[in-house]
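Structure first, commentary second.
The values are calculated or read from the model by the stated rules, or taken from the named source; none is laboratory data. Everything quoted here is computed from the prediction, not taken from an experiment. Cβ sites come from the backbone with ideal geometry, for glycine too, and all protein chains shown count toward neighbours. Note: accessible area is taken over every heavy atom of the protein model, side chains too, but ligands, DNA and RNA are not part of it. Shrake-Rupley method; radii C 1.70, N 1.55, O 1.52, S 1.80 Å.
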Amino acid sequence: MKNSSPVGFLDSGIGGITVLKKSVKLLPNENYFFFSDSLNNPYGDKTDKEIINRCSEITRYMISDKKCKAVVIACNTASAKAVRSLRAEFKNIPIIAIEPAYKVVHDKNPQGKTLIMATKGTISSEKFRRLYYSYYNHNTVIHSCVGLADLIEQDRKSEIISYLNSNFARYKNQIENVVLGCTHYPLIKEEIRQTLGNVQFFDGAEGVSKRLKYILEKDNMLNPQTNNGEIEFFDSSADEKTKELKKERFYQILNKD
Ligand code: DGL
């Protein structure tokens, strides 16, 4: 593994780009490889075993073929289900995981009424249960957003708005903090604000990116180049047209402020 090797990012689709963008801001000179597993999207309703097996295959590919020097699991669901087994299987490289930013709410606005949005898989996980009870503020609603990540992945705008309205309109102007516990959700902040009113958002992207920087510094693995790194995107879809569309959307989001 060389210092110029890429940092691998994985997600069930393009959602993980919300994490990648933060990392690129913090570590612009790194090279990145992003794996969007849209062939198996969504992860939210899959069994633990399915997610563990799939993440293991992707990580193996990123290490052996793409020579990644670190892997970021830019997916809350995969992090909750697979990080332990990935770390046990791939001991030689750092594997960095994300979790819903409920601790940040605890640090910044613990009294505020809080809504946690995440996939069914994340919410039913042991990892989430521990996080939730460590920082429980007696003023929190948890919502398992079945199907929402899928709508975002497919960019189905009007269905996203109907979904938000039918699930969250009853909380309008009552929520202060929203934990975006799925890496797809920061892509629809504006739509969530339209439904809920002026809320404050919390997601794990910043924390993960800081952790990545800390680990690369500690292990002397930072890329010494001074120009901006390369960002390569790969989508697993079997259909060429879908692959192309995902790629286009990925670079569009990446280059948007
Ligand atoms: N982006 C993912 C997450 O953070 C998962 C979305 C899905 O595939 O269900 O949980």
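Details
- So LYS46, is it within 16 Å of the ligand (Cβ to nearest atom) and part of a helix (DSSP H, G or I): no
- Residue selected from the range 183-197 under the condition in contact (Cβ under 8 Å) with a residue 12 or more places away in the chain and more than 16 Å from the ligand (Cβ to nearest atom), by the criterion most open to solvent (accessible area, probe 1.4 Å): GLN194
- Qualifying position, being modelled with pLDDT under 95 and open to solvent by less than 10 Å² (accessible area, probe 1.4 Å), among TYR32, TYR43, TYR102: TYR43
- Of the residues in the range 30-39, not one is in a loop (DSSP other than H, G, I, E, B), farther than 16 Å from ALA205 by Cα, under 17 Å from the mean Cα position of the chain (by Cα) and of a type in the set (Gly, Ala, Ser).
- Residue, farthest from PHE168 (Cα to Cα), within the range 106-116, restricted to residues that are surrounded by fewer than 24 Cβ atoms within 10 Å (Cβ to Cβ) and touching a strand residue (DSSP E or B) at 6+ places or on another chain (Cβ under 6 Å): ASN109
- THR77 farther than 25 Å from CYS145 by Cα and either among the hydroxyl-bearing types (Ser, Thr, Tyr) or crowded, with 22+ Cβ neighbours inside 10 Å (or both): no
- Subset of the range 161-182 (residues that are open to solvent by less than 10 Å² (accessible area, probe 1.4 Å), outside any loop (DSSP other than H, G, I, E, B) and closer than 23 Å to GLY16 by Cβ): LEU164, ASN177, VAL178, VAL179, LEU180
- Number of the exception - ILE51 against (1) within 15 Å of the ligand (Cβ to nearest atom); (2) free of Cβ contacts under 8 Å to residues at least 24 places away in the same chain: (2)
- Summed over the range 183-192, the residues that are part of a helix (DSSP H, G or I) and polar (S, T, N, Q) give a count of 0.
- Output for the range 198-213, where each listed residue is more than 19 Å from the chain's Cα centre (by Cα) and either surrounded by fewer than 18 Cβ atoms within 10 Å (Cβ to Cβ) or without any contact (Cβ under 8 Å) to a residue 12 or more places away in the chain (or both): ASN198
- Scanning the range 60-71 for residues that are away from the ligand (no atom under 16 Å from the Cβ) and either open to solvent by less than 30 Å² (accessible area, probe 1.4 Å) or assigned to a loop (DSSP other than H, G, I, E, B) (or both) returns MET62, ASP65, LYS66, LYS67, CYS68, LYS69, ALA70.
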